[in-house]
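Q: Have a look at the structure that comes next, please.
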Amino acid sequence: QAQLVESGGGLVQAGGSLRLSCAASGRTGSAAAMGWFRQAPGKEREFVAAIRRSGSALYNPDSVEGRFTISRDNAKNTVYLQMNSLKPEDTAVYYCAASMNYYNTFRPGDYDYWGQGTQVTVSS
């Protein structure tokens, strides 16, 4: 059974930080890449970052601007998203996803498994 479980979301003031975690189990533990996406109300799902098992990372420069860092602990099958200098426009539901066949991709359609999402709210 493939499963992704996100945690770490919450309410934070602008300028603050949060670290999201995504625990992978089942088939997702051997995914080619793990990614983070986010979706704000009324907007399309947006790519944030992705990481290969080797640690090589891909970021969306428009949304991250050097403020977010993706990392992973292969021994724990867990991927993290460290978010610093948060802005109100970062408010969204953040989703973890696993791609079984694509190593570094920003396309949602290339991801096979998705978590349930965790809400991040940044107040001004």
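Each reported figure results from applying straightforward, stated rules to the coordinates on display, with no laboratory input. Computed from a prediction, not measured in an experiment: that's the story for all the values here. For neighbour counting, all protein chains shown are included, and Cβ atoms are generated from backbone atoms with ideal geometry for every residue, glycine included.
Q: Would you mind checking which residues have amide H under 5 Å from Gly10's amide H? H placed 1.01 Å from N; only 5 or more apart, or other chain.
A: Val120, Thr121
Q: Considering all projection directions equally, how large on average is the shadow of the alpha-carbon convex hull of the chain, in square nanometres? Walk me through the numbers before you get to the answer.
A: On the way: hull surface 26.9 nm².
Computed as one quarter of the Cα hull surface, the answer is 6.7 nm².
Q: Using R₀ = 25 Å, calculate the FRET efficiency as 1/(1 + (r/R₀)^6) where r is the Cβ-Cβ separation of Asp73 and Glu46; round to 0.05.
A: Working: r = 25 Å, r/R0 = 1.00.
In this case the efficiency is close to 0.50.
Q: While we're here: Hey, what do the phi angles of segment 94-101 turn into as Karplus ³J(HN,Hα) couplings, whole Hz, using 6.51/-1.76/1.60 and θ = phi - 60°, x for Gly and Pro?
A: Computed from phi, the couplings for segment 94-101 are 9, 10, 9, 9, 10, 10, 7, 10 Hz.
Q: Moving on to the next point. Computed over the Cα atoms, what is the radius of gyration of segment 2-62 divided by 2.2 N^0.38 Å, N being its residue count?
A: Details: Rg = 13.3 Å, N = 61, 2.2 N^0.38 = 10.5 Å.
With N residues counted in segment 2-62, Rg over 2.2 N^0.38 Å equals 1.26.
Q: Also: Please work out how much length the chain gains when fully extended from Ser54 to Gln13, using 0.36 nm per residue of separation minus the C-alpha to C-alpha distance, in nm with one decimal.
A: Values: separation 41, 0.36 × 41 = 14.76 nm, distance 3.34 nm.
Result: 11.4 nm gained on full extension.
Q: OK, next. If we count GluC sites (Glu not before Pro) as exposed when they sit in a DSSP loop and have at most 12 other beta carbons within 10 Å, what is the longest stretch of the chain that avoids them all?
A: 66-124
Q: Related question: In 5 Å bins starting at 0, how do the alpha-carbon pair distances of segment 33-75 split up by percent?
A: Pair shares across the bins are 5, 23, 27, 22, 14, 6, 3, 0.
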